[in-house]
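Encoded as structure tokens, the structure appears first; notes follow it.
The values are calculated or read from the model by the stated rules, or taken from the named source; none is laboratory data. Since this is a predicted model, take the numbers as computed values, not measurements. Every residue, glycine among them, receives a Cβ derived from its backbone with ideal geometry; neighbour counts consider all protein chains shown. These accessible areas exclude ligands, DNA and RNA; they are computed on the full protein's heavy atoms, side chains included. Shrake-Rupley method; radii C 1.70, N 1.55, O 1.52, S 1.80 Å.
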Amino acid sequence: MNRLTKMTAAAASLAIVLAAVPATAGAVLDRVMAAKDLKVATDANWAPQSFMNDKNELDGFDIDVAKDIGRRLGVKVEFVTPGWDIITAGNWAGRWDMHVGSMTPTKKRAEIFDFPAVYYYTPAAVAAHKDSKATKLSDFDGKVVGTTATSTFEAYAKGDLTLDAAGAPAFKYEFKPKEVKSYANSTTAFDDLRLGDGTRLDAVVSSLPSILDAVKAGYPIKQIGDPVFYEPLAVAIEHGDKSFNDKIAEAVKGMQSDGTLSKLSVKWYGVDYTVVK
């Protein structure tokens with residue numbers, strides 16, 4: 001074979017290879033589809049969204065949502081459980097591909113992440129020890145309040161929450177704490193609250209589903225007042241792969257259309273949080 005023939009053959013082979021690669025393929029989607037493995041970051045200690053069950057397996061609403069996204073993509077799902085502050089810092093460097101852990105898609109976070117789809121809306125509320133004499137949210141003025149670090153709950157407690165995502169209703173600040181203590185997750189905050197009214201905390205700001213789940217689990221706490229804000233919650237990926245973004249968006253849209261998301265919400269919360277009330 002002479003040089004020209006070799007070059008022609010090589011060009012033809014390259015054309016065949018390129019034709020086999022989708023025009024919209026991106027690096028993350030390519031890696032996921034080639035390995036048939038989708039690495040999902042979530043929380044291991046935030047029931048009923050995500051938690052370790054009696055079989056020492058991750059379970060919960062977010063877990064079921066992630067698994068169904070994987071099923072629709074035709075890949076298996078592998079979970080990792082880094083800290084919330086590590087997830088929201090970005091620079092994932094391929095350690096995981098996607099986050100399904102009830103993240104609010106704010107403008108600040110959009111500097112780092114793409115949000116392919118909002119998959120439910122949840123109320124945030126305030127819990128106190130069952131012995132607390134508080135009857136209204138303003139009773140927590142000047143008190144010590146616990147929240148999850150770098151969360152919208154923490155931002156609310158500190159008076160600097162911005163909910164700029166589509167579908168987020170307006171809200172107002174109902175109290176001004178003396179001190180805001182930040183925790184790795186809501187469960188560890190509830191652990192301090194359960195020690196007694198005012199022992200370490202006077203209240204905790206968290207998702208209403210998590211508060212209700214803690215009550216169901218035997219924590220001596222109670223909700224005070226109405227929810228303080230409602231937030232849309234989304235799947236998150238890092239910038240840079242539109243085709244991956246679109247694939248996830250398509251999967252979640254399918255879950256909304258066929259009723260899967262509504263069924264999962266009712267399964268875990270007893271309420272359909274996938275639509276704005």
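For the range 130-167, residues that are over 23 Å from Tyr119 (Cα atoms) and in a loop (DSSP other than H, G, I, E, B) total 12. Residues that are of a type in the set (A, V, I, L, M, F, W, C), within 22 Å of Ala27 (Cα to Cα) and under 12 Å from the mean Cα position of the chain (by Cα) were ranked within the range 92-145; the one that is most open to solvent (accessible area, probe 1.4 Å) is Phe115. Taking the condition in contact (Cβ under 8 Å) with a residue 60 or more places away in the chain, over 16 Å from Ala157 (Cβ atoms) and open to solvent by 10 Å² or more (accessible area, probe 1.4 Å), does Lys216 pass? Considered against the rule, which asks whether it is in contact (Cβ under 8 Å) with a residue 60 or more places away in the chain, over 16 Å from Ala157 (Cβ atoms) and open to solvent by 10 Å² or more (accessible area, probe 1.4 Å), Lys216 comes out as no.
Residues checked against (1) modelled with pLDDT under 50; (2) under 41 Å from the mean Cα position of the chain (by Cα):
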{"site": "Leu4", "(1), (2)": "yes, no"}
{"site": "Val17", "(1), (2)": "yes, yes"}
{"site": "Ala23", "(1), (2)": "yes, yes"}
{"site": "Asp37", "(1), (2)": "no, yes"}
{"site": "Ala41", "(1), (2)": "no, yes"}
{"site": "Phe51", "(1), (2)": "no, yes"}
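Taking the numbered list (1) at positive phi; (2) assigned to a strand (DSSP E or B) in turn, Ser206 passes all entries but (1). Residues in the range 61-87 that are buried (at least 19 other Cβ atoms within 10 Å of the Cβ), among the β-branched types (Val, Ile, Thr) and either at pLDDT below 95 or assigned to a strand (DSSP E or B) (or both): Val77 alone. When the criteria are applied in full, Thr106 meets the requirement of being of a type outside the set (Asp, Glu), in contact (Cβ under 8 Å) with a residue 12 or more places away in the chain, within 21 Å of Gly83 (Cα to Cα) and assigned to a loop (DSSP other than H, G, I, E, B). So for the range 225-245 (the condition being closer than 30 Å to Arg72 by Cβ, open to solvent by less than 10 Å² (accessible area, probe 1.4 Å), part of a loop (DSSP other than H, G, I, E, B) and modelled with pLDDT of 95 or more), does at least one residue qualify? Scanning the range 225-245, I find at least one residue that is closer than 30 Å to Arg72 by Cβ, open to solvent by less than 10 Å² (accessible area, probe 1.4 Å), part of a loop (DSSP other than H, G, I, E, B) and modelled with pLDDT of 95 or more, so the answer is yes.
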